[in-house]
1. Among the residues of region 4-60, count how many are at positive phi and part of a helix (DSSP H, G or I).
2. If Asp78 meets every condition in (1) loosely packed, with under 14 Cβ neighbours inside 10 Å; (2) among the acidic types (Asp, Glu); (3) in a helix (DSSP H, G or I) apart from one, which number is that one?
3. Only one of Lys20, Lys6, Lys44 is over 25 Å from Ala124 (Cβ atoms), at pLDDT 90 or above and of a type in the set (D, E, K, R); which?
4. Which of the following residues is at negative phi, outside the structural domain of Lys40 (by TED's automatic domain parsing) and not in a helix (DSSP H, G or I): Lys99, Lys87, Lys106, Lys112?
Amino acid sequence: MKSGSKNDVEILRFVISLIKKEEKDKNKDFSDSEVIQVLKKAIKRNQDAFEQFSKAGRNDLAEKEQMEIKIISRYLPDELSASEIEKLVQGIISEVNAKDQKDIGKVMAVIKQNHADSVDMGLASKLVKTILSAD
């Protein structure tokens, strides 16, 4: 607020209201991990809107969504790279002794429980399915 960036303040107020709404809906105070999940949902929503506006040729609105994504992303922990996620997935597959596609749920549960804040779950899911399909 002190920096005078009206856009940043507006977006952060919106994000805070999202977090408070989710907390009220679930009737509890969120942990850091739960707040991160709310922020990721907000970014996902902005990415979907960005794609829609881009397809419709509304570059002004698409740029606004892109700016919001950048601002919200500053408050998220760094995600692992694709190669780091692949190593993590390989390790968890070995750890839970997953053999085929029936074990996808077990692998994803471990990833979600231990690494949800730092892993792109969509990419992890694709990697798990690819690796277990190949075996």
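The values are calculated or read from the model by the stated rules, or taken from the named source; none is laboratory data. Quick caveat: nothing in here was measured; it's all calculated off a predicted structure. Because the Cβ atoms are built from the backbone with ideal geometry, glycine has one as well, and the counts that use them run over all protein chains shown.
1. The qualifying residues number 0.
2. Failed condition: (3).
3. Lys20
4. Within the list Lys99, Lys87, Lys106, Lys112, the selection yields Lys99.
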